[in-house]
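The values are calculated or read from the model by the stated rules, or taken from the named source; none is laboratory data. Predicted model only: the values in this text are computed from it and were never measured. Ideal geometry is used to build each Cβ from the backbone, glycine not excepted, and the neighbour counts take in all protein chains shown. Just so you know, the surface numbers come from the protein's heavy atoms only, side chains and all, with ligands and any DNA or RNA stripped out. Shrake-Rupley method; radii C 1.70, N 1.55, O 1.52, S 1.80 Å.
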Amino acid sequence: MKPPVSHALRLLGISALGLSLLTACPRQYTPPGPSASLSFTFPALTDTTDVRLAALAFERNEKTNGYDPKVVTSTSLYGPSNTAASLYLDGYTLKTWADNAKCTTPFLGGETAGMQEVTVTPDTVRTCNIYFLMFRDANRNGTPESGEVLYETHDLYSYATEAFTYRFVSPDGRSTETGTRTKGWSLVHHQVLQPTATPDRYLLSMNSVPQADEGLNIRLHEPTNAFTSQSLPRAGGHK
């Protein structure tokens with residue numbers, strides 16, 4: 001016996017709705033993208049109590065017109081003779097920061113703010129940077145604060161919406177910075193040279209390294225001026 005028409009239509013409607021949901025909204029898996037495992041070396045510390053190696057990013061704060069630091073990941077340091085550590089940035093974390101509109105902001109007017117003779121090609125590129133430092137978490141709040149930083153590096157892990165090049169001169173006119181970054185995430189190596197022909201003048205480069213070189217050690221050091229600190233190439237490491 002066939003069911004009443006109204007009952008049949010109701011069954012048909014439910015069936016059709018279920019079918020439309022299955023066909024209109026298929027679940028799609030979006031790969032998170034590549035991860036990064038970065039190695040660091042640093043001077044030995046006699047006391048590693050509450051010392052942490054951290055990756056740090058900054059989010060744009062529209063209310064203050066500044067940037068708020070956010071810890072991406074960190075690891076504790078153990079043992080006074082320890083002079084090496086590593087940080088792992090998984091693909092999901094990197095994708096989250098790349099998609100974060102408070103971090104991935106225009107390079108022009110952002111990282112170039114206050115600089116002279118600025119050129120960026122293309123000038124539409126947006127970037128999000130992850131910085132690295134070692135700090136003693138004296139108040140144990142998990143975030144580096146003023147006076148807690150022990151070592152830093154001017155190398156960074158940077159996301160760019162497109163490949164680009166740039167040049168600018170520091171506010172005091174003493175340093176000229178140039179850089180070439182690849183699209184996506186890359187390790188950006190900092191190097192400063194002081195030509196003998198131009199005393200008190202510095203040439204600073206910030207270039208993406210080949211992906212094969214991301215396994216080299218990143219050297220942490222005491223805080224220095226990024227525009228004038230010297231860096232000499234050495235095997236197996238970066239400044």
Item to check | Inter-label distance for T41 and E222, nm, one decimal - labels placed 7 Å from Cα along Cα-to-Cβ | outcome: 1.9
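How do T41, T104 stack up against each other in accessible area, from largest to smallest, with a 1.4 angstrom probe? Could the numbers behind the result be given before it?
Working: T41 30, T104 5 Å².
The most accessible residue leads, giving T41, T104.
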Item to check | Residues whose placed amide H lies under 5 Å from that of L150, excluding near-sequence neighbours | outcome: M134, F135, R136
Checklist entry - Heavy-atom accessible area of D200 with all protein chains present, probe 1.4 Å, nearest 10 Å²? => result 70
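Summing Lys, Arg as +1 and Asp, Glu as -1, what charge do residues with Cβ under 14 Å from the Cβ of T104 carry, T104 excluded? Intermediate values should be presented prior to the final figure.
On the way: positive: R60, K70, K95, K102, R126, R181, K183; negative: E59, D99, E111, E162.
Spelling it out: positives minus negatives among the neighbours equals +3.
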Checklist entry - For segment 205-211, what does the Karplus curve 6.51 cos²θ - 1.76 cosθ + 1.60, with θ = phi - 60°, yield as ³J(HN,Hα) per residue in whole Hz, taken in order and with x for Gly and Pro? => result 10, 9, 10, 5, 8, x, 4
Item to check | Karplus-derived 3J(HN,Hα), 6.51/-1.76/1.60, for each residue of segment 66-80, Hz, glycine and proline x | outcome: x, 10, 9, x, 9, 6, 7, 6, 7, 9, 7, 9, 10, x, x
Checklist entry - Taking segment 101-183, which GluC sites (Glu not before Pro) meet the DSSP loop condition and have no more than 16 other C-beta atoms within 10 Å? => result E145, E162
Checklist entry - Which stretch or stretches of segment 130-157 have amide N atoms under 14 Å from the point lying 7 Å from K70's Cα along the Cα→Cβ direction? => result 130-131
Checklist entry - So if we plug the beta-carbon distance of E59 and D90 into 1/(1 + (r/R0)^6) with R0 = 22 Å, what FRET efficiency do we get, rounded to 0.05? => result 0.70
Next on the checklist: Can you give me the long-range amide H partners of M206? Hydrogens built in the peptide plane at 1.01 Å from N, cutoff under 5 Å, separation of 5 or more residues or another chain.
Outcome noted: T178, G179, T180
Item to check | Sequence-separation-based contact order of segment 125-239, relative, with Cα cut under 8 Å and 6+ spacing, percent | outcome: 24
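Within segment 91-177, list the trypsin sites (Lys or Arg not before Pro) lying in a DSSP loop whose Cβ has at most 15 other Cβ atoms in a 10 Å radius. Can you show the working numbers first?
Working: sites: K95, K102, R126, R136, R140, R167, R174; in loops: K102, R140, R174.
Counting only loop positions with at most 15 other Cβ atoms within 10 Å, the trypsin sites (Lys or Arg not before Pro) in segment 91-177 are R140, R174.
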Checklist entry - Residues with amide H under 5 Å of D155's amide H, sequence separation 5 or more or different chain, H placed in the peptide plane at 1.01 Å from N; which? => result H190
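Provide the FRET efficiency to the nearest 0.05 for the S205-D172 pair, computing r from the beta carbons and using R0 = 25 Å.
Plugging the Cβ-Cβ distance into 1/(1 + (r/R0)^6) gives 0.85.
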